[in-house]
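J.: Can you keep this structure in mind? I'll have questions shortly.
The values are calculated or read from the model by the stated rules, or taken from the named source; none is laboratory data. Because the structure is predicted, anything quoted here is derived from the model rather than measured. FYI the Cβ positions are ideal-geometry reconstructions off the backbone, even for glycines, and counts take in every protein chain you see.
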Amino acid sequence: MTEAEVLIRVRQNPVNAAILQRLRALGAPQAHLVAGCLFGAVWNVQAGRPPGENVNDYDLFYYDPDPSYGAEDAVIRRAAALFADLTTDTGVQIEVRNQARVHLWFEQKFGQTRPPIRSVREGIDQFLVRCTCLGIDEHGVLYAPCGLDELETGLLRPNPLNVDDGRLYRAKVQSYRRRWPWLREG
């Protein structure tokens, strides 16, 4: 599968297409649409299902070296206004996260410590499952540091760049396999 094919499949989900069209207007540094809404669209299209099926939420990452909650909240409020029609009309959930803040809340939420992240792409590099390390920036450029072969074949493997003790990885794999049973571990 080529980058162009991934971008086409991702945009077949109309919510992804709308977010990507407006992402630049958010005005957040290093803004990327990431994770489940991307690989979910690819896997859904491969399986002949609607591209938005089984997408739990739409994650927007950005990186601002100001790790204050107030700075992040300002971007969250801008996103709420920019994407208000999507959340109202379709009921989708859009999650906005400054990657400079992840290490501040990760342990409380997931029970594991996390070192500070220095960019959006460094955050993507550390996703739990290698083939899910995906992001599309505000210019429409696909970032896939682990390549696209495992994504295309549905091969789930732990990401050695993630500091997980295995518990979070296992939960992710189970969640993915419930939604896309044809995925396999390797």
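J.: Suppose we filter the stretch 100-114 for residues that are within 19 Å of the chain's Cα centre (by Cα) and touching a residue at least 40 places away in the same chain (Cβ under 8 Å); how many remain?
T.: Result for the stretch 100-114: 2.
J.: Which one of the conditions (1) assigned to a helix (DSSP H, G or I); (2) touching a Lys or Arg at 6+ places or on another chain (Cβ under 9 Å) does Ala81 fail to meet, given that it meets all the rest?
T.: Status for Ala81: all satisfied but (2).
J.: How about the stretch 5-51: which of its residues are hydrophobic (A, V, I, L, M, F, W, C), in contact with a Gly (Cβ under 9 Å, 6 or more places away or on another chain) and not in a helix (DSSP H, G or I)?
T.: Once the filter is applied, which keeps residues that are hydrophobic (A, V, I, L, M, F, W, C), in contact with a Gly (Cβ under 9 Å, 6 or more places away or on another chain) and not in a helix (DSSP H, G or I), the stretch 5-51 yields Leu33, Val34, Ala35.
J.: I'm checking my understanding of the structure. Among residues of the stretch 152-186 that are in contact with a Lys or Arg (Cβ under 8 Å, 6 or more places away or on another chain) and assigned to a strand (DSSP E or B), which one is surrounded by the most Cβ atoms within 10 Å (Cβ to Cβ)?
T.: Leu156
J.: Please name all residue pairs, on different chains or six or more residues apart, with Cβ atoms under 6 Å, provided the first residue is in the stretch 138-156 and is over 21 Å from Ser175 (Cβ atoms) and among the acidic types (Asp, Glu) and the second residue is at pLDDT 95 or above and in a helix (DSSP H, G or I).
T.: Taking only residues 6 or more apart or on different chains, the pairs are Glu138/Leu23; Glu138/Arg24.
J.: Could you tell me which residue of the stretch 66-89 is farthest from Trp182 (Cα to Cα), considering only residues that are loosely packed, with under 12 Cβ neighbours inside 10 Å and under 20 Å from the mean Cα position of the chain (by Cα)?
T.: By that ranking, first place goes to Arg77.
Conditions tested, residue by residue: (1) part of a loop (DSSP other than H, G, I, E, B); (2) modelled with pLDDT of 95 or more.
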position	(1), (2)
Asn56	yes, no
Ala71	no, yes
Leu86	no, no
Arg97	no, yes
